[in-house]
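Shown next, in structure tokens, is the structure this report addresses.
The values are calculated or read from the model by the stated rules, or taken from the named source; none is laboratory data. Keep in mind that what you see is a predicted model, and the values were worked out from it rather than measured. All Cβ positions, glycine included, derive from the backbone under ideal geometry; neighbour counts span all protein chains shown. For the accessible areas, the whole protein counts, side chains as well, though only heavy atoms, and no ligand, DNA or RNA atoms are used. Shrake-Rupley method; radii C 1.70, N 1.55, O 1.52, S 1.80 Å.
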Amino acid sequence: GATRGDLDPELVDEFVGTCRAGSEQLSRIRERDELLWRMGVLVGDDRVPSIAGLLALGSYPQQHLPALSLQATLVGHAGAGERARDARRFDGPIPRILADAVAWVARSSPTAIRTQPDGAVVDAPRWPPEAVRELIGNALIHRDLAPWALGETAMLRLDDERLVVRNPGGLYGLTIDRLGQIGVTSARNANLVRICQYVRLPDGTRAVEALASGIPTVLDALTAAALPRPLFDDDGLRFTAIVRHTPPANTNAVRAGSTSARVLAALAAAPADVEQLAQSTGLSPANIRKRLRELRAAGLVEQRGGPGRPTTYARVER
């Protein structure tokens with residue numbers, strides 16, 4: 001039901017200018033509507049916005065796709081429980097959601113004192129802005145847009161020790177163990193990625209810098225900030241990235257004799273799948289899957305495999 005009137009004129013002007021400046025061939029296309037059609041912003045004989053065009057350049061895409069926003073929660077600890085200190089819903093087109101969410105994380109987080117290589121002590125953001133931007137951008141651009149997922153919102157959760165970003169849809173065309181490798185890329189929403197490579201954020205940076213650069217940028221930013229590597233979790237329906245301020249608990253945090261300890265011990269010899277773990281531990285598959293989720297969240301176990309490949313689990317060596 002969207003029309004060209006649903007596109008944001010300012011974003012469209014910037015997009016057209018960036019396309020013409022960045023491509024000799026696109027600079028030869030003088031008709032704006034033809035350029036938008038060639039770039040997949042407009043589709044069909046009547047040249048109406050595509051879903052990708054609406055998400056990237058729309059005035060308010062949520063009018064037509066209400067759940068395609070970002071739900072953010074700032075959590076504070078209260079005794080043994082937790083309570084939300086702030087909750088925000090970021091909406092609008094992707095470049096503005098991304099800019100607003102990154103700014104919110106910076107405002108909501110204390111600064112950290114870090115020592116630079118030259119020995120100087122400086123105040124620095126608790127969460128590196130480059131890593132925050134890439135993780136949130138990935139959640140917005142690579143989320144599943146299939147009908148089953150259109151009712152689910154991407155999520156951002158922030159507390160004293162963790163930043164968690166989750167989006168509907170698991171990894172597409174690659175596995176967790178290949179994330180961050182040079183040249184490894186797979187775009188679920190190729191048209192949206194292509195459009196966003198020409199979309200500018202308010203600070204002048206691109207919404208998407210280049211394919212295959214996102215996760216390496218996250219890893220480099222966290223390393224430079226002396227923070228642990230992120231945890232990635234893919235259950236096929238959702239993809240979650242967790243950035244921690246301190247390293248995850250080690251094996252001593254697993255209570256001796258617990259079911260988690262039994263699963264961890266069973267993985268000492270070699271990686272195994274759920275069925276093999278059930279045979280070696282005597283636990284039910286449902287119980288094993290629950291313990292595996294806990295062990296993965298603690299950074300003690302990693303998932304291997306993915307679409308078209310057997311899924312196994314292995315201990316993380318430290």
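One table, with the values for the structure above:
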| read-out | value |
| --- | --- |
| Sequence-distant residues sharing a close amide H with Val41 (under 5 Å, placed H) | none |
| Residues with amide H under 5 Å from that of Gly92, placed H, sequence gap 5 or more | Gln62 |
| By accessible area with a 1.4 Å probe, ligands and nucleic acids excluded, highest first: order of Leu65, Leu70 | Leu65, Leu70 |
| Summed side-chain charge close to Leu156 - residues other than Leu156 whose Cβ falls under 9 Å, Lys, Arg +1, Asp, Glu -1 | +3 |
| Under 13 Å, Cβ to Cβ, from Asp100 - net charge with Lys/Arg +1 and Asp/Glu -1 | +3 |
| Mean Cβ count within 10 Å, highest first, over the residues of peptides 4-11, 193-200 | 193-200, 4-11 |
| Amide H within-cut-off set for Asp144, under 5 Å, with H built and near neighbours excluded | Gly169 |
